[in-house]
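Data block below; observations after.
The values are calculated or read from the model by the stated rules, or taken from the named source; none is laboratory data. Keep in mind that this is a model prediction, so the values were computed, not measured. Neighbour counts run over all protein chains shown; Cβ positions are idealised from the backbone, glycine included. Only protein heavy atoms, including side chains, enter the accessible area calculation; ligands, DNA and RNA are left aside. Shrake-Rupley method; radii C 1.70, N 1.55, O 1.52, S 1.80 Å.
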Amino acid sequence: MPDRPDLTELLHAAVTAVGGTERPGQVEMARAVARAVEREEHLLVQAGTGTGKSLAYLVPAVAHAMATGKPVVVATATLALQAQIVDRDLPRIAEALRPLMGRRPTYALVKGRSNYLCRHKVVGGFPDDDEDALLAVGAFDADRSRLGGEVVRLREWAEVTESGDRDELVPGVSQRAWRQVSVTAKECLGSRCPVVAECFVEQSREVARDVDVIVTNHAFMAIDAFEGRHMLPDHDLLVVDEAHELTDRITSTVTDELTSSAVSVAARRAGKGDAAGRLADTTDLVADTLEDLPEGRLDRLPERLVETLQLVRDAARAALSEIKPDKGAEVDGSTQLALAAVEEVHDVAARVLEERELDVAWLSKDPRRGAVLRVAPMSVAMAVREKIFGERTVVLTSATIELGGSFDAVAGTLGLKGAGSPPWTGLDVGSPFDYPQQAIAYVAAHLPAPGRDGAAPVVFDEIEALVRAAGGRTLGLFSSRRAAEAAAEQLRDRLSDTDIRVLCQGDDQTPTLVREFASDASTCLFGTMSLWQGVDVPGPACQLVIIDRIPFPRPDDPLSSARSEAISRAGGNGFMSVSATHAALRLAQGAGRLVRRADDRGVVAFLDPRMTSARYAPFLQRSLPPFWPTTDRDLVLGALRRLDGTAGEVVPVAAPAARGLGGATTGPVAVDVPVARSPRTAVTGGHAWSAEQDEELRDGLEAGIPVEELADHLELAPDLVTARINQLGLGRAG
């Protein structure tokens, strides 16, 4: 076999294939990744927006996998990046590298079991999770019940989907509906399932066993490492993109919770035995005990809570003995659900009672679920050091992994600081963007410092002035849902004399809102934390990013306060290590929404004067891209007006692609398959379109028949007809 091409040649081929140009930072990062793999040394890389970091790690990763025969695992935090890698980057890289590597590199997408449709559950292999949610719901019930309609739609989608991946169903369905067709890992029958040969999960993992690159998410990777399930094949290189999120995602996966409804469900599933009855008897006791406790951290467990949890634990243990089948006996879906539910209740109660040294327990009140008891580790640093960094080379990268000018803050949360930490290298490859020329960082220093009672009228005046000057084109990032909704309500009223539209998170699914925002320059989108990162709207649709206040964690946040106190007791600065670091990370992510490509221009407006006046302000400022700073309001309003007046066409957000087994794109969506153009394999509104109906639709449009008449002719709702017109790319329906 001829010598393999060097990294420079491979990277050049890949960059050319995606229509890009090589950048110094990208080349530097690719070489650093290859060097880290060769030396078996961990690497932290900050790569600013526009660097092309996904290619910078994918190309050396593919080369390593093909040279060693071992797969490489790439883990991301957001679905958007996961889709970009699988739908856009890897297909092009694979084709570009095929002639150089002697064969086409292979890849697969792997997710947790509950992300996939369960064929056994769809055909009735498990009891319904809700008594009023019947899979065999009729047309009359579907019309009356949103849940019933969603379940009907899921059943129809189950007939056409090739992957069973929930994320391909757009618009999505409620979690309650999805539960009717999915199972968790603990509820799954595994090899005992009668339809295991047709299982989407097993098929996707079978595909993943023989590929070069496996793409997954932080949570799945963490569960695989922490619980030792070995769902991922053996590998010696792990690439973690969006690494600034890793600690929080891992913490979420190892957080447990207990509610009275969870106890009730477990008892009901456990059946009619004595132990199940004892467990059922604790339901009201759990509800009363938790309701009587105040919200917040539990520094010590109250005596009544200890007694309640002991009763739950003991009753659950007895119920497990009661329902556990004899060795070798067949386990059906009902028994498996019962075992999973009772085991979870037992394990959470037992864990809280253990009062482990690093665990933090707290109570929160949920409007829908009532009181929720949660327990999570104060720090996952040592666990990450052992489980993630122990047996493989790890490359961690993000646009915001260096905070306050140093990697130390993030490295500390990952167990890479202190005695016994493994060797690692930090590298900042910068960004190709000319930030001082492309963007202004404006601090509204004349505004009052934010308080607890919501924004003052003068703050809404400031937002209105900025949005008017920008002509819309605004992404508003707020520290709470209440603040976002209040601002949206105010601005809708204040801007009623304009054509500027204000969307607010919660009005629709976030991906749908982002697509609307990206497609209309006069639209604003206001929201909370999930908009602070992962939203990629290049071009003139987003020329103003407003950040209402420094996003410190809430003072009563149980984990943040416990971490801060522990650091202070050890002689450190708890505020800077926890609160300021958290804020710096969120600010860097939020400000990074503005400049997404080389010709983007705009303003990031901070409505919190502490960004310049507080003692910690320099730390926060050093964590941001080097925008041109000012506090001159008139200058900023003038700049926004000029940008609005000279703005070009907007750049719509790309829709997701159709996928097949293993996550590979399946190419253009076939006309006779009932799938939307924007989803991957969705059935819109629960209606499966036939080829004959599509033909009638085309003929009617060519004849100039209005949508309403076509809908009457087809005996369908007008919105379904409009959706199908857009799905087939037949032009904008009027």
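Compute the orientation-averaged projected area for the stretch 469-536 from the convex hull of its Cα atoms and round it to one decimal in nm².
4.3 nm²
Hey, of (1) 28.0; (2) 29.5; (3) 26.8, which did the structure itself give for Kirkwood radius over Cα pairs in Å when calculated?
After the calculation, the listed value that fits is (1).
Any idea of the accessible area per residue across the chain, 1.4 Å probe, to the nearest Å²?
44 Å²
About its Cα centre, what dipole magnitude does the stretch 16-88 give when the only charges are +1 on Lys and Arg Cβ and -1 on Asp and Glu Cβ, stated in debye to the nearest 20?
In total the dipole reaches around 40 debye.
What number results when the radius of gyration of the stretch 383-541, computed over Cα atoms, is divided by 2.2 N^0.38 Å?
1.34
Based on the mean of other beta carbon atoms within 10 Å per residue, what is the order of 58-68, 95-105, most packed first?
Ranked by mean Cβ neighbours within 10 Å, highest first: 58-68, 95-105.
With the cut-off at 32 Å, tell me which of the pairs K186/K272; K327/K365; K121/K327 have Cα atoms farther apart than that.
K327/K365
I'd like to know which of S264, L147, A219 lies farthest towards the positive end of the charge dipole of the stretch 140-282, counting +1 on Cβ of Lys and Arg and -1 on Cβ of Asp and Glu.
So the residue we want is S264.
Report, in whole Å, the centroid distance computed from the Cα atoms of the stretch 440-517 and the stretch 343-360.
Answer, in whole Å: 42.
Describe numerically, in nm with one decimal, the distance between label points set 7 Å from Cα along Cα→Cβ at E386 and at D599.
If labels sit at E386 and D599, their model points lie 5.4 nm apart.
Projected onto the charge dipole of the stretch 282-392 (+1 at Lys/Arg Cβ, -1 at Asp/Glu Cβ, origin at the Cα centre), which of L353, I323, S334 gives the Cα projection farthest towards the positive end?
L353
I'd like the distance separating the alpha-carbon centroids of the stretch 524-593 and the stretch 365-414, in whole Å.
Taking the Cα centre of the stretch 365-414 as reference, the centre of the stretch 524-593 is 15 Å away.
To the nearest Å, what is the center-to-center distance of the stretch 193-254 and the stretch 1-64, using C-alpha atoms only?
Between the Cα centre of the stretch 193-254 and that of the stretch 1-64, the gap is 23 Å.
Give the shape of the stretch 2-43 as rounded, prolate or oblate, defined through the alpha-carbon gyration tensor: a ≥ b ≥ c are the square roots of its eigenvalues, a/c under 1.5 means rounded, and otherwise the shape is prolate if a/b is larger than b/c and oblate if not.
oblate
Can you tell me the relative contact order of the chain? Whole percent, Cα pairs under 8 Å, sequence separation 6 or more.
17 percent
I'd like the carbon and sulfur percentage of the solvent accessible area for the stretch 39-106, probe radius 1.4 Å, heavy atoms only, ligands and nucleic acids excluded.
49 percent
Which residue, chosen from G405, A56, T308, occupies the Cα position most advanced towards the positive end of the dipole of the chain, where the dipole is computed from +1 (Lys, Arg) and -1 (Asp, Glu) charges on Cβ about the Cα centre?
Of the listed residues, the answer is G405.
For the stretch 197-265, with only Lys/Arg (+1) and Asp/Glu (-1) charged at the beta-carbon, what is the dipole magnitude about the Cα centre, in debye rounded to 20?
The dipole of the stretch 197-265 has a size of about 180 debye.
Under a Cβ-only charge scheme (Lys and Arg +1, Asp and Glu -1), can you give me the dipole magnitude of the chain about the Cα centre, in debye to the nearest 20?
Value, rounded to 20: 1880 debye.
Which percent of the accessible heavy-atom area of the stretch 305-354 goes to carbon and sulfur, probe 1.4 angstrom?
44 percent
Could you order D493, D256 by accessible surface area, starting with the largest, using a probe radius of 1.4 Å?
Per-residue accessible area, sorted high to low, gives D493, D256.
Using r as the Cβ-Cβ distance of A449 and T425, and R0 as 56 Å, what FRET efficiency do you calculate, to the nearest 0.05?
Efficiency computed from Cβ-Cβ geometry: 0.90.
Rounded to the nearest 500, what is the 222 nm mean residue ellipticity of the chain from helices alone, with -39500 (n - 2.57) per DSSP H run of 4+ residues and division by all residues?
Theoretical 222 nm ellipticity from helices: -13000 deg cm²/dmol.
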